[in-house]
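The values are calculated or read from the model by the stated rules, or taken from the named source; none is laboratory data. Only a predicted model underlies this, so the values are computations on that prediction, with no experimental measurement involved. All Cβ positions, glycine included, derive from the backbone under ideal geometry; neighbour counts span all protein chains shown. These area figures cover heavy atoms from the full protein model, side chains too; ligands, DNA and RNA do not enter into them. Shrake-Rupley method; radii C 1.70, N 1.55, O 1.52, S 1.80 Å.
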Amino acid sequence: MLKGKHIILGITGSIAAYKAAYIIRALVKKGAEVQVVITPAGKEFITPITLSALSSNPVISEFFSNRDGSWHSHVDLGLWADAMLIAPATASTIGKMANGIADNMLVTTYLSCKAPVFIAPAMDLDMFAHPSTQQNLDRLRSFGNHIIEPAEGELASHLVGKGRMEEPDKIIAVLEEFFASRTVLEKKKIVITAGPTYEKIDPVRFIGNYSSGKMGFALAEACAQQGAEVTLIAGPVSLTTTHPNIQRIDVESAEEMYQAAMTAFPEADAGILCAAVADYRPEIQADEKIKRESKGEMMLHLVPNKDIAASLGAIKREGQVLVGFALETNNEATNAESKLKRKNLDFIVLNSLRDVGAGFRCDTNKISIIDRQGETTGYPLKSKQGVAVDIVNKLATLLK
């Protein structure tokens, strides 16, 4: 997957800079061409001579390397690249990237880069956990960047915690998985549902749920970043999309989501049903606000909404892939497998509300994927952006 790819490797001032040598060697072995861009602080940890010898290219650090009028064009570099990897990425560089502070060659190259960007943080545990660092990482994710989460282990301070840059072989695996999925998903049409639905009681009240839509929106961005044309059918949420490959359709009720999904899915290659759709709605919706003083006790008669997953499963044609979600509180695997079979899904993503950090309103999620063969793959707790990549990689294996 990396053969012939042009990779910019950004190196910043961290003790983990020594791992960049292993990254370069692995990329070159796999057939990639590597151009190193290093910050002045990065050169205190690893020498340009070493990096140049491994990459077979001169290392770029300054805007002007000679006094003859020549200069390094960050614009040309950004156009040349198939991907940019910053490994290690310090808190300082992450902050500059998040806020557009272009005071060195690496950040100006990042701001000019049109290719996907992968960021592998490396810092002490307290720096990584600090709200400013986490806010900067969230901002970079919102720009469509891929964050390669650091591992837990012994750090340069000899403290133990999260902040250790991920190992080179795992970083290379992330790049390979991305390009493998991108090859498959390029120009594929994918329908994604996200968020809650609101079922009106009267003009000011509704029945709803706690879904924020974050998981569905992360999936939309992940698919779009890998070349897919995404139709995102979104319930009432406050989220925004950033990728131009996402066409957003806003709906409110389960009926509106059903109609939009049934219209979009026949022309799609795949559907991912991530929305938390209300199972029931009030049979009668009042035209005016119901007054407690005049109504007194109130009883709602609820009727079932249409089952979007089952309806799409019934019309799914050969070659289409349909993915569902199951949020469970008990008998998780049994209930998820039953849903997969009943609704003709190709695989189902299971979350449990018993897992801390998973489910509604969280920025993280912990999932298992169950396929039609009954095989279950579990994943650790990750950011929802990281979970989205895992799901999209699984989808790509079925769309090949």
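Figures for the structure shown
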item: First in the stretch 371-400 and aromatic (Phe, Trp, Tyr), second anywhere and outside any helix (DSSP H, G or I) and crowded, with 19+ Cβ neighbours inside 10 Å, Cβ under 6 Å, 6 or more apart; result: TYR379/ILE367
item: Unique match (being surrounded by fewer than 23 Cβ atoms within 10 Å (Cβ to Cβ) and not small (Gly, Ala, Ser)) among VAL191, VAL160; result: VAL160
item: Filtered residues of the stretch 254-292 (kept if within 26 Å of the chain's Cα centre (by Cα) and either in a loop (DSSP other than H, G, I, E, B) or not assigned by the TED database to the domain that holds VAL392 (or both)); result: ALA268, ASP269, CYS274, ALA275, VAL277, ALA278
item: Per-region count, the stretch 162-185, residues at pLDDT 90 or above, touching a Gly at 6+ places or on another chain (Cβ under 8 Å) and not aliphatic (A, V, I, L, M); result: 1
item: Number of the exception - SER238 against (1) small (Gly, Ala, Ser); (2) open to solvent by 60 Å² or more (accessible area, probe 1.4 Å); (3) assigned by the TED database to the domain that holds ILE147; result: (3)
item: Selection status of ALA194, over 20 Å from ALA358 (Cβ atoms) and of a type in the set (Gly, Ala, Ser); result: no
item: Filtered residues of the stretch 311-334 (kept if within 21 Å of ALA278 (Cα to Cα) and either under 22 Å from the mean Cα position of the chain (by Cα) or crowded, with 16+ Cβ neighbours inside 10 Å (or both)); result: LEU312, GLY313, LEU322, VAL323, GLY324, PHE325, ALA326, LEU327, GLU328, GLU332
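Every residue, every condition in (1) buried (at least 24 other Cβ atoms within 10 Å of the Cβ); (2) not assigned by the TED database to the domain that holds ALA20, yes or no:
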site	(1), (2)
VAL174	no, no
PHE178	no, no
ARG205	no, yes
ASN209	no, yes
PHE217	yes, yes
ALA222	yes, yes
GLU229	no, yes
